[in-house]
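A quick write-up on the structure given underneath.
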Amino acid sequence: IQHGFLPHELPHITDYEIASWWEPAEAVGGDYFDLMWLNEGRLRGAIADVSGHGVGASLIMASARAMWRVLAKTDVSPDQTLNWLADAIADDLQDGRFITMLMAELDVRRHRLRYANAGHGPALIFQAAERKCVRLVSTGLPLGFPGEKPCEPGSVYDLAPGDMVLLATDGLVERRNSAGEYYGADRLTDVLHHAHTRSASKIVEAIKQSHADFSGELPADDDITLLILRRTT
């Protein structure tokens with residue numbers, strides 16, 4: 001049932017590739033990603049991580065998903081959407097629960113990305129020409145955190161051929177090996193530098209292989225979600 005909440009098929013976009021990886025730590029989890037089309041060639045996407053994992057996190061994730069899919073269709077900005085969602089789901093986030101969430105919108109005609117980020121990471125753009133990673137920094141607090149400061153819009157980025165957007169949950173970089181070391185952001189960016197000319201699906205496979213080589217037989221202790229969008233031409 002929870003797997004059915006995720007996109008049944010990733011969008012096919014001229015000049016772009018999309019690939020994903022979703023792996024809950026238990027039978028169900030609190031990670032979520034989604035993609036939907038708006039008019040005028042605009043693709044909206046979101047990635048979220050409910051604190052904790054297991055059944056409790058999955059129930060909150062289902063509630064947040066339902067609310068986001070309604071609010072995202074209102075065609076307001078990503079930051080306003082996250083602010084509305086924070087208000088709508090506040091009563092569900094009790095006992096210290098919270099949700100980190102990033103919402104992005106890609107104008108596929110102009111190759112332009114705008115976003116808002118409620119405390120979520122890792123999230124970055126790999127710029128192929130400069131071979132560097134740019135973080136999509138937080139522009140607001142996670143949903144459920146106390147405070148009156150609203151989420152704000154992030155920077156706008158133009159995507160050139162070869163550039164990729166990587167959105168993931170912290171389970172990707174916080175997985176540990178038998179020595180207790182974290183996989184970390186540096187290993188992730190190393191894979192991107194070596195594999196950035198490959199297709200999006202091959203890049204996801206390279207990251208999965210790097211994870212397996214690092215952690216060996218140890219199971220993941222947190223949900224893992226990864227979404228890669230790569231401009232091809």
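The values are calculated or read from the model by the stated rules, or taken from the named source; none is laboratory data. It should be emphasised that the depicted structure is a prediction, and the values quoted were computed from it without experimental measurement. So basically every Cβ, Gly included, is an ideal-geometry build from the backbone, and we count neighbours across all protein chains shown. Note: accessible area is taken over every heavy atom of the protein model, side chains too, but ligands, DNA and RNA are not part of it. Shrake-Rupley method; radii C 1.70, N 1.55, O 1.52, S 1.80 Å.
Per the conditions (1) outside any helix (DSSP H, G or I); (2) open to solvent by 50 Å² or more (accessible area, probe 1.4 Å); (3) aromatic (Phe, Trp, Tyr), the sole criterion not satisfied by TYR115 is (2).
Results for (1) more than 23 Å from ASP49 (Cα to Cα); (2) not aromatic (Phe, Trp, Tyr), shown as yes or no for each residue.
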site	(1), (2)
GLY171	no, yes
SER178	yes, yes
TYR182	no, no
ASP190	yes, yes
HIS193	yes, yes
SER199	yes, yes
ILE203	no, yes
PRO219	no, yes
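Screening VAL173 with (1) in contact with a Pro (Cβ under 7 Å, 6 or more places away or on another chain); (2) open to solvent by less than 30 Å² (accessible area, probe 1.4 Å); (3) outside any loop (DSSP other than H, G, I, E, B) gives one miss only, at (3). Looking only at residues in segment 5-33 that are open to solvent by 40 Å² or more (accessible area, probe 1.4 Å) and not in a loop (DSSP other than H, G, I, E, B), the one that is nearest to ILE228 (Cα to Cα) is SER20.
Within segment 32-55, can you find the residues that are over 20 Å from ILE18 (Cβ atoms) and in contact with a Lys or Arg (Cβ under 8 Å, 6 or more places away or on another chain)? Break it down stepwise before answering.
At the first step, the residues of segment 32-55 found to be over 20 Å from ILE18 (Cβ atoms) are 50-55.
If the condition is that a residue be over 20 Å from ILE18 (Cβ atoms) and in contact with a Lys or Arg (Cβ under 8 Å, 6 or more places away or on another chain), then VAL50, SER51, GLY52 are the ones that fit.
Report yes if GLY147 is at positive phi and part of a loop (DSSP other than H, G, I, E, B), otherwise no. Yes.
Taking LEU141, is it open to solvent by less than 60 Å² (accessible area, probe 1.4 Å), hydrophobic (A, V, I, L, M, F, W, C) and in contact with a strand residue (DSSP E or B) (Cβ under 7 Å, 6 or more places away or on another chain)?
On the way: open to solvent by less than 60 Å² (accessible area, probe 1.4 Å): no; hydrophobic (A, V, I, L, M, F, W, C): yes; in contact with a strand residue (DSSP E or B) (Cβ under 7 Å, 6 or more places away or on another chain): yes.
No: the conditions fail for LEU141.
When you scan segment 51-70, do you find a residue that is over 18 Å from GLY4 (Cα atoms) and at pLDDT 90 or above, even just one? Scanning segment 51-70, I find no residue that is over 18 Å from GLY4 (Cα atoms) and at pLDDT 90 or above, so the answer is no.
Report, by residue number, each residue of segment 22-57 that is in contact with a His (Cβ under 9 Å, 6 or more places away or on another chain) and closer than 27 Å to GLY162 by Cα. If you could, list the steps in order and put the result at the bottom.
Taking segment 22-57 and keeping what is in contact with a His (Cβ under 9 Å, 6 or more places away or on another chain), we get 22, 24-26, 28-31, 47-49.
Correct list: TRP22, ILE47, ALA48.
Looking across segment 118-132, the residues that are more than 20 Å from PRO150 (Cα to Cα) and more than 11 Å from the chain's Cα centre (by Cα) come down to ILE125, PHE126, GLN127, ALA128, ALA129, GLU130, ARG131, LYS132. If you filter segment 79-103 down to residues that are part of a strand (DSSP E or B) and open to solvent by less than 10 Å² (accessible area, probe 1.4 Å), you find that the one that is nearest to GLY54 (Cα to Cα) is ILE99.
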